[in-house]
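The values are calculated or read from the model by the stated rules, or taken from the named source; none is laboratory data. Source: prediction; values computed, not measured. Here Cβ is always computed from backbone atoms with ideal geometry, including for glycine, and neighbour counts include all displayed protein chains.
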Ligand SMILES: Cc1cc2nc3c(=O)[nH]c(=O)nc-3n(C[C@H](O)[C@H](O)[C@H](O)COP(=O)(O)OP(=O)(O)OC[C@H]3O[C@@H](n4cnc5c(N)ncnc54)[C@H](O)[C@@H]3O)c2cc1C
Ligand code: SF4
Ligand code: SF4
Ligand code: FES
């Protein structure tokens with residue numbers, strides 16, 4: 001069957017923060033660019049980010065990118081690459097100021113500068129005390145940012161393909177990336193986007209877990225597509241559980257609440273974080289706070305009839321501050337917990353939030369993988385940025401506000417690198433004869449199968465497996481069983497059946513395709529987690545406890561290395577962490593405490 | 001909340017197989033934790049996967065799941081199921097072409113949004129750091145910038161139903177005023193010129209449907225009033 005072919009200089013898959021930031025670079029450079037998104041751009045999940053974006057602007061007190069870099073390396077539990085981290089922290093002021101110039105409605109200080117609030121893990125003077133580094137627009141930073149970037153793209157005349165779903169990556173026999181196959185949701189039509197440069201900005205896959213702060217559309221499509229095209233996934237065992245998801249609903253309550261003075265309390269109203277992180281307290285790094293909360297709950301000090309959540313208390317704050325700085329949070333509390341936080345504390349639990357791993361990239365935004373003897377050789381024509389990519393700046397644990405920064409910095413650098421490579425003469429290469437076959441086969445299989453489980457059942461089986469076997473605390477035997485179980489889920493998913501056979505807006509088919517992608521991500525996570533026999537950052541195992549020899553269960557001699565998961569045969573390889581920054585001295589390994 | 005069964009009557013139309021739209025009567029069992037209409041739709045979809053609707057964030061910030069719920073436009077994810085009269089009647093947003101089931105074609109809505117030049121215009125060379133703006137000036141943008149482009153308002157507006165191609169509609173006009181009100185924007189005159197037209201702005205007859213349905217509690221009518229005032233003052 002022949003598929004229509006659309007030819008572009010560049011195709012960007014994803015119109016969230018990262019995709020829109022890349023698009024600005026390409027459109028303003030005058031390149032013919034197509035931006036594909038499953039949803040209208042401002043509906044991408046960046047819109048839900050609340051607390052802020054990190055930059056050492058120093059608008060309220062002294063700050064320095066080098067301190068930010070130190071915090072990020074420490075936050076990553078030393079698994080982040082120090083060259084990429086230096087690059088990001090140094091670029092932060094530039095990209096945040098650009099957003100202001102695009103029209104983003106930041107809150108302001110009394111002297112008219114961008115308002116900044118404290119956030120977990122961000123400290124001054126190499127870990128001394130919390131610093132105001134998070135640039136915020138009330139508690140709607142992501143919304144303000146995404147709309148401002150969409151608006152800038154309207155100005156730049158970017159060409160969007162809205163409600164188009166990319167299905168598979170096209171690579172030729174030499175490994176070059178030549179574009180994607182994609183489906184127009186409204187008509188079911190399948191088309192090849194043939195491009196000289198392909199940028200992935202498809203966001204996270206938080207929906208692999210049952211309880212998640214992520215949107216329904218966060219299904220790891222970029223990772224699934226990369227995996228099916230033979231590209232490995234990096235550090236997939238590291239998932240951030242955000243301390244404060246609304247109990248039961250999963251909806252996020254930003255850490256900015258604690259930045260503004262909110263306090264976590266257990267059933268006896270104790271401010272328990274004083275015991276776990278005497279210095280940073282409620283503003284310790286997320287993995288530390290989530291584990292403290294899970295421990296309180298496990299040891300019977302949780303609240304409610306089932307003692308299964310703790311409280312986030314802001315009742316001591318001035319209601320005017322809440323209304324001004326946290327209006328969206330008050331709304332969320334009322335809507336999803338039935339609680340007005342001005343009067344009563346909010347019920348919260350650690351909830352799956354962010355994927356630290358992803359498609360391996362260099363800090364220039366170019367995708368890299370082992371080829372020949374080189375562990376990080378460039379995949380020609382392929383770029384990635386934002387949550388789907390792994391540069392790696394977040395290592396084993398991301399600091400809050402560093403993700404919006406990541407998508408700005410690496411969205412921009414991926415765009416710049418694509419412009420550079422295209423201006424440098426990268427040409428369209430011939431499409432392989434079977435370019436569209438994989439996508440067509442997958443669709444026709446889904447449409448024609450009979451007798452298997454439904455998409456909803458298959459997805460639930462996957463989410464339960466992930467939640468039970470690879471949660472906040474991990475257990476060696478549970479991980480082993482988890483691997484077996486997730487492979488069974490994968491097998492069952494090959495029989496997944498849908499009833500909807502329409503060509504028009506077939507959401508059953510879309511969800512089936514998304515579930516296939518989620519399962520690729522779930523498998524990568526479980527297998528990588530089972531293999532890493534230490535505790536580090538967000539990955540904590542019972543059989544790698546805190547000892548004198550291995551503080552916090554971290555074992556640098558054996559495990560200071562990135563995981564690379566190869567989907568074809570479920571094999572794992574490791575590559576070294578880059579401990580060498582670009583200009584400053586390396587930040588030496590240390591035990592992490594807050 | 002408890003376990004309960006909820007009755008629905010849903011507008012169904014698949015152009016691939018249906019000659020005409022019809023209402024489907026269907027019920028679904030809910031768990032105590034199912035609070036919002038979107039939770040119920042998720043359960044319904046697990047039962048009948050052919051029901052098509054848009055959704056993403058499930059927390060009222062992305063603007064995907066606007067629909068007509070018991071006769072009133074709203075977001076499924078912010079609507080409490082237990083406050084709705086049964087059977088819960090779900091229809092597509094009124095006034096826009098239906099693509100399938102409750103999914104409408106939003107082209108006209110976005111065209112109007114784009115027509116107001118929804119981006120900051122400032123032709124001075126950008127300074128090295130941020131442009132300054134006082135907290136008071138910034139405050140002027142509250143109640144304007146929070147729009148999620150869900151289209152609940154414009155598709156509840158009779159003036160938009162009659163002239164979707166000519167009347168900008170409440171969402172677009174709210175966005176226009178968001179830029180007019182921004183001290184950093186330099187195109188106020190151009191923006192007012194762009195709206196000085198018997199249809200684009202002046203079709204608004206202050207019926208207030210838009211204010212009534214906005215799930216974010218925004219007030220497009222007030223913004224429209226302010227634009228009209230500015231035009232008057234400019235004329236004098
Ligand atoms: C509730 C919440 C609050 C957060 N708050 C903060 C915060 O305060 N600060 C911070 O730094 N970080 C925060 N984060 C994290 C941060 O918001 C995300 O990591 C970031 O926004 C991801 O941006 P992105 O551009 O990579 O992806 P997204 O914004 O998720 O965009 C992904 C895009 O890819 C498209 N797409 C996906 N698959 C396909 C496909 N197959 N075909 C076509 N298009 C596709 C989607 O349509 C979408 O346009 C928060 C996250 C959540 C969930
Ligand atoms: S007030 Fe104006 S914009 Fe709002 S519904 Fe009425 S006519 Fe439409
Ligand atoms: S003004 Fe309100 S109802 Fe209208 S599009 Fe914006 S958020 Fe939706
Ligand atoms: S699903 Fe995003 S607004 Fe309802």
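Okay, here's what the table says:
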{"quantity": "Per-region count, segment B:159-171, residues part of a helix (DSSP H, G or I) and either within 9 Å of ligand 3 (Cβ to nearest atom) or surrounded by fewer than 20 Cβ atoms within 10 Å (Cβ to Cβ) (or both)", "calculated": "5"}
{"quantity": "Whichever residue in segment B:48-63 is in contact (Cβ under 8 Å) with a residue 40 or more places away in the chain and either within 16 Å of ligand 3 (Cβ to nearest atom) or within 7 Å of another protein chain (Cβ to nearest Cβ) (or both) and, among such residues, is farthest from residue A:146 (Cα to Cα)", "calculated": "B:52"}
{"quantity": "Only one of A:386, A:365 that is touching a residue at least 40 places away in the same chain (Cβ under 8 Å) and under 30 Å from residue A:262 (Cβ atoms)", "calculated": "A:386"}
{"quantity": "Residue in segment B:25-37 that is closer than 21 Å to residue A:246 by Cα, more than 9 Å from chain A (Cβ to nearest Cβ) and buried (at least 22 other Cβ atoms within 10 Å of the Cβ) present", "calculated": "yes"}
{"quantity": "Residue list for segment A:301-328, restricted to those being without any contact (Cβ under 8 Å) to a residue 12 or more places away in the chain and part of a loop (DSSP other than H, G, I, E, B)", "calculated": "A:305, A:306, A:318"}
{"quantity": "Sole exception among (1) over 30 Å from residue B:54 (Cβ atoms); (2) in a helix (DSSP H, G or I); (3) under 25 Å from the mean Cα position of the chain (by Cα) for residue A:521, by number", "calculated": "(1)"}
{"quantity": "Scan of segment B:12-23 for residues that are touching a residue at least 12 places away in the same chain (Cβ under 8 Å) and more than 14 Å from every other protein chain (Cβ to nearest Cβ), ordered by number", "calculated": "B:23"}
{"quantity": "Residue A:539 vs. criteria in contact with a strand residue (DSSP E or B) (Cβ under 6 Å, 6 or more places away or on another chain) and either free of Cβ contacts under 8 Å to residues at least 40 places away in the same chain or crowded, with 19+ Cβ neighbours inside 10 Å (or both)", "calculated": "no"}
{"quantity": "The one condition in (1) more than 16 Å from ligand 4 (Cβ to nearest atom); (2) assigned by TED's automatic domain parsing to the domain that holds residue A:172; (3) outside any loop (DSSP other than H, G, I, E, B) that residue A:274 fails to fulfil", "calculated": "(2)"}
{"quantity": "Residue in segment B:145-158 that is surrounded by the most Cβ atoms within 10 Å (Cβ to Cβ), counting only those that are at negative phi and more than 9 Å from chain A (Cβ to nearest Cβ)", "calculated": "B:154"}
{"quantity": "Test: residue in segment B:188-206 that is touching a strand residue (DSSP E or B) at 6+ places or on another chain (Cβ under 9 Å) and either within 13 Å of chain A (Cβ to nearest Cβ) or more than 16 Å from ligand 4 (Cβ to nearest atom) (or both)", "calculated": "no"}
{"quantity": "Residue in segment A:545-553 that is farther than 30 Å from residue B:104 by Cβ, surrounded by fewer than 22 Cβ atoms within 10 Å (Cβ to Cβ) and under 26 Å from the mean Cα position of the chain (by Cα) present", "calculated": "yes"}
{"quantity": "Residue B:187 being buried (at least 20 other Cβ atoms within 10 Å of the Cβ) and modelled with pLDDT of 95 or more", "calculated": "no"}
{"quantity": "Among (1) closer than 16 Å to residue B:156 by Cα; (2) part of a helix (DSSP H, G or I) - the single one residue B:193 does not satisfy", "calculated": "(1)"}
{"quantity": "2 or more residues on the phi < 0 side of the Ramachandran plot and away from every other protein chain (no Cβ under 14 Å): qualifying strands (runs of 3 or more DSSP E) within segment A:59-163", "calculated": "A:116-124, A:129-135"}
{"quantity": "Residues satisfying the stated conditions in segment A:463-517, i.e. within 14 Å of another protein chain (Cβ to nearest Cβ), in a helix (DSSP H, G or I) and touching a helix residue (DSSP H, G or I) at 6+ places or on another chain (Cβ under 8 Å)", "calculated": "A:463, A:507, A:508, A:509, A:511, A:512, A:513, A:514, A:515"}
{"quantity": "Filter result for the condition that a residue is within 15 Å of ligand 1 (Cβ to nearest atom) and touching a residue at least 60 places away in the same chain (Cβ under 8 Å), over A:230, A:245", "calculated": "A:245"}
{"quantity": "Some residue of segment A:50-59 being more than 30 Å from residue A:439 (Cβ to Cβ), within 16 Å of ligand 4 (Cβ to nearest atom) and assigned by TED's automatic domain parsing to the domain that holds residue A:170", "calculated": "yes"}
{"quantity": "Condition met for residue A:342 (out of contact with any strand residue (DSSP E or B) (no Cβ under 9 Å at 6 or more places or on another chain) and assigned to a helix (DSSP H, G or I))", "calculated": "no"}
{"quantity": "Filter result for residue A:274 (surrounded by fewer than 24 Cβ atoms within 10 Å (Cβ to Cβ) and more than 16 Å from ligand 2 (Cβ to nearest atom))", "calculated": "yes"}
{"quantity": "Any hit, segment A:401-414, residues being part of a strand (DSSP E or B) and touching a helix residue (DSSP H, G or I) at 6+ places or on another chain (Cβ under 8 Å)", "calculated": "no"}
{"quantity": "Condition check for residue A:292: part of a loop (DSSP other than H, G, I, E, B) and touching a helix residue (DSSP H, G or I) at 6+ places or on another chain (Cβ under 8 Å)", "calculated": "no"}
{"quantity": "Counted residues, segment A:19-35 - those being touching a strand residue (DSSP E or B) at 6+ places or on another chain (Cβ under 8 Å) and surrounded by 24 or more Cβ atoms within 10 Å (Cβ to Cβ)", "calculated": "8"}
{"quantity": "Counted residues, segment B:84-116 - those being within 14 Å of chain A (Cβ to nearest Cβ), more than 23 Å from residue A:502 (Cβ to Cβ) and more than 16 Å from ligand 2 (Cβ to nearest atom)", "calculated": "3"}
{"quantity": "Residue check for residue B:164: under 18 Å from the mean Cα position of the chain (by Cα), at the interface with chain A (Cβ under 8 Å from one of its Cβ atoms) and in contact (Cβ under 8 Å) with a residue 40 or more places away in the chain", "calculated": "no"}
{"quantity": "Some residue of segment B:120-143 being surrounded by 23 or more Cβ atoms within 10 Å (Cβ to Cβ), in contact (Cβ under 8 Å) with a residue 24 or more places away in the chain, at the interface with chain A (Cβ under 8 Å from one of its Cβ atoms) and more than 15 Å from the chain's Cα centre (by Cα)", "calculated": "yes"}
{"quantity": "Segment B:65-83 residues that are within 14 Å of chain A (Cβ to nearest Cβ) and closer than 13 Å to residue B:214 by Cα, paired with ones that are modelled with pLDDT under 95 and away from ligand 2 (no atom under 16 Å from the Cβ) (beta carbon under 7 Å, 6 or more apart)", "calculated": "B:78/A:335"}
